[in-house]
Amino acid sequence: MKYISEYRDKKLIDRVARQIEMAVERDYKFMEVCGGHTAAIRRFGIPSLLPANIKLISGPGCPVCVTSTGFVDRIVACAQMDDVIITTFGDLMRIPGSGPNLEEIKSKGADVRIVFSGLDALDIALQNPRKRVVFPGIGFETTAPGTAVTIIEAAAGEAGNFFVLSAHKVMPPVMRALLENGIRIDGFICPGHVATITGYSAFEFIPYKYNKACVITGFEPLDLLQAILMLVNQVNSKRPSLETEYKRAVLPEGNSLALEVLSKVFEPCDAEWRGFGIIPLSGLTLRREYEKHDAGRLLKADFPRGKDNPACICGDILRGLKTPSECPLFSEVCTPANPVGACMVSAEGACNSFYKYTLYE
Amino acid sequence: MCLSIPARIVSIDGSTAQVSAGGSLFRAGIQMIDDPRVGDYVLLHAGFAIQKISEKDALETIRLIREMNELGEE
């Protein structure tokens, strides 16, 4: 397939892997902050192609994983109101809340439907004018513009029964939070599709202010290995900078049409992240012009804070402090079939990827 | 939900397009694409095309990787 097979060229992959072997001079630790990268790194067995002194750790890049327990509780509360249809990405169905999750309340009769996109959710609203249709807005800069477009279309089409409960988040504040907490890494594999929207500017502060190497890259094995080689070279030269391997999809200025709809519909707000707590100005909330589509209006303001399962170490994993195999629940109690924590539910979660691709090595 | 895949625009109807990826057809919102054309490759993410893929840059990246790694072996 075009734009896929050429980045899976075995010979070239082998050559880049050998280049990395020749380039290493010390121990290196790099963090990926995109769930898509976490899944691709495990799926393609990238760690098995690297020398033992390069460690890759996962960060807070899986949008459903960082979605707080309290947010799930709020969606569940919406679902239990009269005449409400919840339309959600499938990944959210089994994310744990303080009480039941969406799958459990669906099995008890709540109207919860899986959609492929916000536009599908809007169609359901237009087909069911007597129902209130709630779409949980989850995801980073990559996903939020789609929600923004959907809200603009709902407003234009006078779909007053379409609501979004926004837990959309932006990447730079959580990366800054990791760095401020003194995370011990040499650099970031920067999220390619966030950068598709934001352009380079979202990550420029990292080498400049925190002296860490950064490479924006794609999701095929050749992309990932080439990015790791570029990171190693940056560290060796002691000149951290922001480089882009993924020029076929990332423009320096990002996608200006997407940025335009994003700022038209949303404004920054403080947001809660699983594992981090509240991070200032790291979330996106609907602007006043679109508040009639804000599902927060359907709920009482003083919603209680969610409670996490104390045995689950998802939070430490999302902060890059622990790996899935250090969790006492991992693969014994917590599996993709019976997930305890959010990182085991999502296909892009660190625990899920570890379980699927590395457990039996 | 967070994955994005390369997809080819097959047809366009207003602000949505039919796109083909891996042998399947999907509906994609193209509101964020400047001048979308049938035959363009886009990144499909959660029901929206989020960027056109540049063929020129795709070829250039592969060329650079090849060059960089051939030089390194000499």
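What follows draws every value from the coordinates through simple rules; no lab data is involved. Remember, predicted model here, so these are calculated numbers, not experimental data. Counting neighbours? That spans all protein chains shown, and the Cβs are built from the backbone with ideal geometry, glycine included.
Odds and ends about this structure:
- DSSP-defined antiparallel bridges as percent of all bridges, chain A, nearest 5: 25 percent
- Peptide A:247-260 has a mean shielding of 5, counted as Cβ atoms of other protein chains within 10 Å of each residue's Cβ.
- Ratio Rg/Rh, restricted to region A:112-194 and using Cα atoms, in which Rh is the Kirkwood radius: 1.15
- Only Lys, Arg, Asp and Glu carry charge here, each on its Cβ (+1 for the first two, -1 for the last two); on that basis region A:173-311 has a dipole of about 240 debye about its Cα centre.
- Potential extension, A:Asp83-A:Arg184 segment - 0.36 nm per residue separation minus Cα distance: 31.4 nm
- For the protein assembly as shown, the dipole from Cβ point charges (+1 on Lys and Arg, -1 on Asp and Glu) about the Cα centre works out to 500 debye, to the nearest 20.
- Inverse of mean 1/r across different Cα pairs in region B:4-71, Kirkwood, Å: 12.7 Å
- Nearby lysines by direct alpha-carbon distance to A:Lys209 (threshold 17 angstrom, same-chain neighbours under 8 apart not counted): A:Lys238
- The 3J(HN,Hα) values that the Karplus relation (6.51, -1.76, 1.60; θ = phi - 60°) gives for region A:268-277 are, in residue order, x, 8, 5, 9, 8, 10, 4, x, 10, x Hz. Gly and Pro appear as x.
- Partner lysines whose Cα lies under 18 Å from the Cα of A:Lys55, excluding those fewer than 8 positions away in the same chain, are identified as A:Lys29, A:Lys212, A:Lys322.
- Exposure proxy for A:Leu286, B:Leu59: other Cβ atoms within 10 Å of each Cβ, ordered fewest to most, give B:Leu59, A:Leu286.
- Averaged over peptide B:50-59, the number of partner chain Cβ atoms lying within 10 Å of each residue's Cβ comes to 6.
- Stokes-Einstein D in µm²/s, Kirkwood radius over Cα pairs - region A:1-311 at 37 °C with 0.692 mPa s viscosity: 159 µm²/s
- Degrees between helix A:171-180 axis and first principal axis of chain A (Cα, 0 to 90, nearest 10): 60 degrees
- Note on A:Tyr208/B:Lys56: beta-carbon distance plugged into 1/(1 + (r/R0)^6) with R0 of 30 Å gives a FRET efficiency of 0.55.
- Among A:Cys327, A:Cys214, A:Cys351, sorting on how many other beta-carbon atoms sit within 10 Å of each Cβ, with the fewest leading, yields A:Cys327, A:Cys214, A:Cys351.
- Basic side chains Lys and Arg get +1 at the Cβ, acidic Asp and Glu get -1 at the Cβ, and with that the dipole of region A:45-201 about its Cα centre reaches some 320 debye.
- Reduced Cα scattering model of region A:314-357, Debye log10 I(q)/I(0), q = 0.14, 0.20, 0.27, 0.30 Å⁻¹: -0.23, -0.49, -0.92, -1.14
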